[in-house]
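What follows is a short report on a single structure.
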Amino acid sequence: GYGGLGGYTSYTSGGSAYGNIKEPYDLGSGGGSPYGGKGGGAVILRSTGTILINGTISADGTGTTYRQGGGSGGSIYINAGKIEGNGLISVNGGTGGSDGGGGGAGRIAIYYGENNFTGIISAYGGTVGQTRGGAGTIFLKGSGQTYGDLKVDNYNYDGMVTPIIDGSHNFDKIEVIRKGKLEISAGDTLAISNLYVKENAVMISAGNVNVSQEFSVENNG
């Protein structure tokens with residue numbers, strides 16, 4: 001696990017969530033010793049100018065063909081005056097073995113003055129295994145925003161949950177989409193301007209969620 005929980009098996013639970021949504025520096029975690037998948041690394045890019053991404057920036061966890069779990073995705077942290085390109089930014093979880101769970105996805109945070117990136121930003125849990133991993137977190141914040149936006153997107157894979165790490169959090173917008181599962185524990189507080197749960201996604205809350213503008217549940221959310 002990292003951004004999302006690791007998939008569980010009939011023998012053991014999957015790895016837990018950790019790290020910071022808005023400043024992700026942590027490495028991903030391995031899927032078990034000795035043959036589980038390896039956790040993804042950590043990528044940090046900073047530029048006051050333009051960062052152009054037409055290829056792939058990846059901190060994916062690796063998979064395994066053994067009877068153990070996939071590794072969790074790692075971290076990608078970008079701070080740019082301008083971000084452009086049509087490439088891929090990904091922190092996906094690794095594929096679990098026949099008796100192992102899929103790795104949880106990692107965390108992505110992108111801060112920008114201007115965003116012209118038209119490519120794919122991907123943080124979905126690892127597939128196959130006994131249970132798929134949970135989606136990671138994708139955080140985007142423009143220079144004109146107060147708090148920034150959070151997206152939890154599991155690419156239509158039915159996997160584990162994505163827990164909010166304990167504490168109080170503020171966001172301009174949260175989107176939980178495509179079978180993402182966002183979980184807010186008792187004692188947690190979220191203050192959000194706009195909240196959207198859609199496309200077979202789920203939001204589970206035992207904590208306090210305050211939505212000041214729009215709260216929309218649609219398309220089997």
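A convex hull fitted to the Cα coordinates of segment 118-221 yields 107 cubic angstrom per residue. Of the labelled figures [x] 26, 22, 14; [y] 38, 25, 18; [z] 57, 17, 16, only one reflects semi-axes √(5λ) of the Cα gyration tensor in Å as derived from the coordinates, namely [x]. Of the Cα atoms belonging to segment 17-138, the radius of gyration and Dmax stand at 14.6, 47 Å.
Amide H contacts for Ser122 (H built 1.01 Å from N in the peptide plane; partners 5 or more residues away or on another chain; cut-off under 5 Å): Ile89, Ser90, Val91. Relative contact order of segment 29-88: 46 percent, from C-alpha pairs under 8 Å at least 6 residues apart in sequence. Straight Cα distances below 17 angstrom link Lys179 to the aspartates and glutamates Asp153, Asp158, Glu199, Glu218, with same-chain residues fewer than 8 positions distant left out.
From the alpha carbon centroid of segment 111-160 to that of segment 3-36 is 16 Å.
When only Cα pairs below 8 angstrom with a gap of at least 6 residues are kept, the chain shows a relative contact order of 16 percent. Within straight-line reach of Lys181, meaning a Cα separation under 29 Å, sit the following lysines at least 8 residues removed in sequence or on another chain: Lys22, Lys38, Lys141, Lys151, Lys173, Lys198.
Counting only DSSP beta bridges whose two residues both lie in segment 132-221, roughly 10 percent are antiparallel.
Taking the Cα centre of the chain as reference, the dipole from Cβ charges on Lys and Arg (+1) and Asp and Glu (-1) amounts to some 340 debye.
Note: relative contact order over segment 104-184, using C-alpha pairs below 8 Å and six or more positions apart, is 28 percent. Set the Cα radius of gyration of segment 166-217 against 2.2 N^0.38 Å, with N its number of residues, and you get 1.05. In terms of packing, defined here as the mean over residues of other Cβ atoms within 10 angstrom, the peptides 59-69, 207-217, 169-179 line up highest first as 59-69, 169-179, 207-217.
For Ala42, the residues whose amide H sits under 5 Å from its own are Ser75, ignoring neighbours fewer than 5 places away on the same chain, with H placed 1.01 Å from N.
Along segment 39-44 the Karplus relation, 6.51 cos²θ - 1.76 cosθ + 1.60 evaluated at θ = phi - 60°, assigns HN-Hα couplings of x, x, x, 10, 10, 10 Hz to successive residues, with x for each Gly and Pro.
Across segment 165-174, computed HN-Hα scalar couplings (Karplus, 6.51 cos²θ - 1.76 cosθ + 1.60, θ = phi - 60°) run 5, 3, x, 10, 9, 10, 9, 6, 8, 10 Hz from first to last residue, x flagging Gly and Pro. The Cα center of segment 81-96 and the Cα center of segment 190-204 differ in position by 23 Å. Computed from backbone phi with θ = phi - 60° and the Karplus coefficients 6.51, -1.76 and 1.60, the 3J(HN,Hα) list for segment 128-145 is 6, x, 7, 9, 6, x, x, 5, x, 10, 10, 10, 10, 9, x, 5, x, 8 Hz; x is used for glycine and proline.
Quick note: the coordinates plus some simple rules give every number you see, no bench work behind them. Just so you know, these numbers come straight off a predicted model, no measurement behind them. Note: ideal-geometry Cβ built from the backbone for every residue, glycine included; neighbour counts use all protein chains shown.
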